[in-house]
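Asks: Pasting a structure below so you can have a look.
The values are calculated or read from the model by the stated rules, or taken from the named source; none is laboratory data. These numbers were taken from a predicted model, which means no experiment stands behind them. No Cβ is skipped: glycine too gets one built from the backbone with ideal geometry, and neighbour counts run over all protein chains shown. To get the accessible areas, we keep the full protein, side chains included, count just its heavy atoms, and leave off ligands, DNA and RNA. Shrake-Rupley method; radii C 1.70, N 1.55, O 1.52, S 1.80 Å.
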Amino acid sequence: MEIYQDIYSQGKVVQSGKRECSERYDTLKKVFSEYQRPFSILDIGANFGYFSVRAAEDFGATSVMVQPKPQASVLKRTCLENPDLNLTVLSKRVTGADLQVMATCERFDVVLALNVLHHISGSWEQAADAIMDMGDNIIFENPPENDKGTCGKKIIKPIWDYFRSLPHEHLGYFSRHTDPNAKSEMIRLKGTGKQISKAYIGSPVSSSKLKVTFSSNSKERYVNKTLPNGEEVKYDWINGINLQTYLEMGGYYPTKEELYAQVANKSVKGGYDWDDTHGDIEPWNFVINGSDLHIIDLNGKNNWVKEHLKTDAQGIRKVLRYLKK
């Protein structure tokens, strides 16, 4: 296994990689420092998670890292070594179509797409569009056309044509391990601001019918929802990913066994008292923040509860069945 990025754990680099990381991170910190609250990161092609782990340590960020094995195994070990950090791993070699599916229901403050898009299987156009939809701040880095050792040479130019055609801010040029004479460029773009179209992956109902929207700025992020009875509810945004997304997209850390125990022991966070009044406990009504499960859609605090027939116990059994698959 090639040690591409530095491996960072417990406040220090424990193994150096081929790629220069500290200078890139200093550049990313300028973006991260703009947030006056804990923020979320989707790190696509996270490798060993250097940037995400450091952001979680320095800024309290919630980092969702997407990386297949064998690197994902190292990421899992890093997560276990840093239990106080909000780290989640999806072990999947995602395609453009996978990212497009995620973009229907997931949103993050920051999306990191650093030297990964030219490696994506399937349609890079699908991947690029999804990346732009899923975040407020998009940080994109890619090899230059003159890099003699890079993969995906045929699509480097069209990828850059796509991103440079959009309003963007130049962040820096950085060394390439594949060609000592080439420099990759890192740029920052503003996401499309597109609202989610599904409440969760596989949902038969569009969010427009559910009337779910979200609002975000550097100080706060929240969800607005109109219940079927017309009641307007404002929820705090929980950083992380939906449990349904975790199940569909190669959830690797925390493990299903750990999540099963949290549900079975009713040690889920979110201010709910498990008093048989939630009425809508489903896999997609949980968010994974780091390794902690949070229950959302606290209908027990609203007047809509009596319209639901399920009890907490029924819902818990269903979630446990999903986690056993």
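Asks: Show me the strands (runs of 3 or more DSSP E) found entirely inside the range 73-157 where at least 2 residues are open to solvent by less than 50 Å² (accessible area, probe 1.4 Å), closer than 24 Å to ASN289 by Cβ and of a type in the set (S, T, N, Q).
Replies: Once the strands (runs of 3 or more DSSP E) in the range 73-157 are filtered for at least 2 residues that are open to solvent by less than 50 Å² (accessible area, probe 1.4 Å), closer than 24 Å to ASN289 by Cβ and of a type in the set (S, T, N, Q), what remains is 86-90.
Asks: Also: Give the residue that is most open to solvent (accessible area, probe 1.4 Å), with candidates limited to residues of the range 296-323 that are of a type in the set (A, V, I, L, M, F, W, C) and at pLDDT 90 or above.
Replies: Here the residue is LEU320.
Asks: Could I ask something else about it? Say we look at the range 158-186 and pick out the residues that are in a strand (DSSP E or B) and of a type in the set (D, E, K, R); which of these is modelled with the highest pLDDT? I'd like the intermediate steps shown before the answer.
Replies: The initial filter retains those residues of the range 158-186 that are in a strand (DSSP E or B), namely 168-175, 183-186.
With the extra rule that they be of a type in the set (D, E, K, R), the set shrinks to 169, 183, 185.
Numbers: GLU169: 98, LYS183: 84, GLU185: 94.
Among them, the one singled out is GLU169.
Asks: Same structure again: For the structure I just gave you, tell me whether LYS194 is modelled with pLDDT of 90 or more, open to solvent by 70 Å² or more (accessible area, probe 1.4 Å) and out of contact with any strand residue (DSSP E or B) (no Cβ under 9 Å at 6 or more places or on another chain).
Replies: yes
Asks: Hey, any hits in the range 49-61 for a residue that's outside any helix (DSSP H, G or I), surrounded by fewer than 20 Cβ atoms within 10 Å (Cβ to Cβ) and in contact (Cβ under 8 Å) with a residue 40 or more places away in the chain? Outline the logic, then answer.
Replies: Initial filter on the range 49-61 (outside any helix (DSSP H, G or I)): 49, 60-61.
Narrowing the set further to residues that are surrounded by fewer than 20 Cβ atoms within 10 Å (Cβ to Cβ) leaves 60.
The next check asks that each one be in contact (Cβ under 8 Å) with a residue 40 or more places away in the chain; those that pass are none.
No, there is no match, as no residue in the range 49-61 is outside any helix (DSSP H, G or I), surrounded by fewer than 20 Cβ atoms within 10 Å (Cβ to Cβ) and in contact (Cβ under 8 Å) with a residue 40 or more places away in the chain.
Asks: So LEU166 clears everything in (1) within 22 Å of SER218 (Cβ to Cβ); (2) open to solvent by less than 40 Å² (accessible area, probe 1.4 Å); (3) touching a helix residue (DSSP H, G or I) at 6+ places or on another chain (Cβ under 9 Å) except one condition, right? Which one?
Replies: (2)
Asks: Name the residue, out of SER33, SER40, that is hydroxyl-bearing (Ser, Thr, Tyr) and free of Cβ contacts under 8 Å to residues at least 60 places away in the same chain.
Replies: SER33
Asks: I've got another one for you. Can you name the condition, by its number, that ARG37 falls short on among (1) open to solvent by 10 Å² or more (accessible area, probe 1.4 Å); (2) in a strand (DSSP E or B)?
Replies: Looking at each condition in turn, ARG37 falls short on (2).
Asks: Ok, one more. Need pairs with beta-carbon distance below 7 Å; first residue touching a residue at least 12 places away in the same chain (Cβ under 8 Å) and within the range 276-296, second open to solvent by 30 Å² or more (accessible area, probe 1.4 Å) and among the acidic types (Asp, Glu); sequence gap 6+ or separate chains.
Replies: Filtered contacts from the range 276-296: SER291/GLU258.
Asks: Same structure again: With respect to the numbered conditions (1) touching a residue at least 60 places away in the same chain (Cβ under 8 Å); (2) in a strand (DSSP E or B); (3) open to solvent by less than 30 Å² (accessible area, probe 1.4 Å), which one is the sole condition not fulfilled by TYR246?
Replies: Only one criterion is unmet by TYR246, namely (2).
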